[in-house]
Amino acid sequence: MRPSPISATVDFDADGVQHGFLKLPVSHDESAWGAVMIPVTVVKNGEGPTALLTGGNHGDEYEGITALLKLARSLRAEEVSGRVIIVPMMNQPAAMAGRRTSPMDRGNLNRSFPGDPDGGPTKQIADYFTRYLVPMCDYALDLHSGGRTLDILPFAAAHRLEDRELERRSLQGAMDFGAGTAIMMYELDAAALYDTAVENQGKVLVTTELGGGGTSTPASMEISERGVRNFLIFAGITEGELQRPARQTFVEMPDASCYVQSEHAGLLEMTCALGGMVRQGEVVARILDMTRTGVDPVEYRAGRDGMVLARRFPARVDMGDTIVVIGEVVETLER
Ligand SMILES: [Zn+2]
C-alpha cells in the first residue's frame, strides 16, 4: 500500500505544545493545488503513554468538538507525562459543513475504516488514522454524540472483545470517564468503525455519546470536559483525582433487540423519556400518518425491559429510522 497522501505539520516526537494541521491534498475548482486542513494539537513531555483524543468523527456532534478545542487550548506540557494527540474534527469537511458526512464525497468516516490511501478524502483520513496515528497511541478516546437526528443519554462505552484483558481495561476507561452511565455496547454494524480499527491493534478504545440534537448544553459540556480530563488520569498521563458522579449506572446492550426501528413514515410522538425505565411490550412511541386524518397511529413497543438510552430527535420520521434504544441496567454503583 502506498504511503498516505496526508502529511502533518507537527512533529509527534517533539516535547512541548504544538498546534498544526494534518494536510490532505485536494485539487479542486477553487484551489488547483489545495489541501484540506485538519487541526491537530500535540502535547508531549518526556516518556510515557500516548492518548489519542478525537472528536468530529461525525461533523454534527458538537459536544466532543467543543471539549477538545477547549482542551487543546488549555492543556500544558508540564501537566503531561507522555503524549496527548488531539484531533477535534477528524472529518473536518463534515464538521465545517455542520453535517454527519463529508460534503466532498458523502463519506461517513465512522463507516470508512480501515480506510484507503487511494480512496476519496474520507477514506484517506481513515487510512491515516489506521496506519499512522493509532499505532502511536496506547489509549484512544473518540467523542461522539447524537448529532442532528438523535438525542442520547450521556455515556461512555466499551465493546465485548476476544481479548478479555483489553476488554476489562477499556471498560475501566469507560467507567473512569465518569459520564454517569457506562455501557458494554452492541453495535449494529461494527466492521468499518474507527473503534474496531483501534481495538484490532490491541489499543484501549473508549467511545462516548454525550448528548445530541446537533447542539450542546451546559450539562453535556460539563460531562464532556470532565470526561476528557478523567480519561487522561485513567491513562496515567496526567495526575489528579477522578471527578466522577456519586452514582454511576452500568448498562449492557446484549443484542439487536435493544433497537426499536421504524417501519413507517410520518410524525413521531415519543411516549418514553430519555433515561427513563420501560418494560418489554410497553408503547415507547407512536407514528402518526401525516397524509390524511382519521387514521389510527402505529404503536411501537419496547423489545426488552430496560433504560431508554437514545431517541430520535426530529419529529419527522421515515422508514428504517432508529426511534428508541433500550439498554439493560446491570448495576448502579454509589460512591
Ligand atoms: Zn457519531
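Read-outs throughout are calculated quantities, based only on the coordinates presented, and are distinct from any laboratory measurement. What you see is a predicted model; the values in this text were computed from it and never measured. Here the Cβ positions follow ideal geometry from the backbone for every residue, glycine too, while neighbour counts run over all protein chains shown.
Being under 21 Å from residue 94 (Cβ atoms) and either among the charged types (D, E, K, R) or more than 16 Å from the ligand (Cβ to nearest atom) (or both) is true for just one of 15, 29, 11. Which residue is that?
29
Whether any residue in segment 252-272 is in contact with a helix residue (DSSP H, G or I) (Cβ under 7 Å, 6 or more places away or on another chain) and assigned to a loop (DSSP other than H, G, I, E, B) is what I want to check.
So far as segment 252-272 goes, no, none of its residues is in contact with a helix residue (DSSP H, G or I) (Cβ under 7 Å, 6 or more places away or on another chain) and assigned to a loop (DSSP other than H, G, I, E, B).
Name every residue in segment 113-166 that is of a type in the set (Val, Ile, Thr) and either within 15 Å of residue 207 (Cα to Cα) or within 16 Å of the ligand (Cβ to nearest atom) (or both), in order of residue number.
Within segment 113-166, 122, 125, 134, 149, 152 meet the criteria.
Could you grab me the full set of residues in segment 68-100 that are within 16 Å of the ligand (Cβ to nearest atom) and of a type in the set (A, V, I, L, M, F, W, C)?
Passing the criteria: 68, 87, 89, 90, 94, 95, 97.
Return the residues of segment 73-109 that are surrounded by 21 or more Cβ atoms within 10 Å (Cβ to Cβ) and in a helix (DSSP H, G or I); say none if nothing qualifies.
Matches in segment 73-109: 92, 93, 94, 95, 109.
If you take the residues of segment 52-67 that are part of a helix (DSSP H, G or I) and more than 9 Å from the ligand (Cβ to nearest atom), which of them is surrounded by the fewest Cβ atoms within 10 Å (Cβ to Cβ)?
Only one residue tops the list, namely 66.
Take the residues of segment 209-222 that are assigned to a helix (DSSP H, G or I) and away from the ligand (no atom under 16 Å from the Cβ): which is nearest to the chain's Cα centre (by Cα)?
As a first pass, look at segment 209-222 and keep what is assigned to a helix (DSSP H, G or I): 218-222.
Narrowing further to those that are away from the ligand (no atom under 16 Å from the Cβ): 218-219, 221-222.
Values: 218: 19, 219: 17, 221: 14, 222: 16 Å.
Restricting to residues being assigned to a helix (DSSP H, G or I) and away from the ligand (no atom under 16 Å from the Cβ), the top hit is 221.
Just need a number here: residues in segment 167-181 that are in contact with a strand residue (DSSP E or B) (Cβ under 6 Å, 6 or more places away or on another chain) and either under 24 Å from residue 85 (Cα atoms) or within 16 Å of the ligand (Cβ to nearest atom) (or both).
So the count comes out to 8.
Taking residue 36, is it within 16 Å of residue 115 (Cβ to Cβ) and in a strand (DSSP E or B)?
When the stated conditions are applied, residue 36 passes them.
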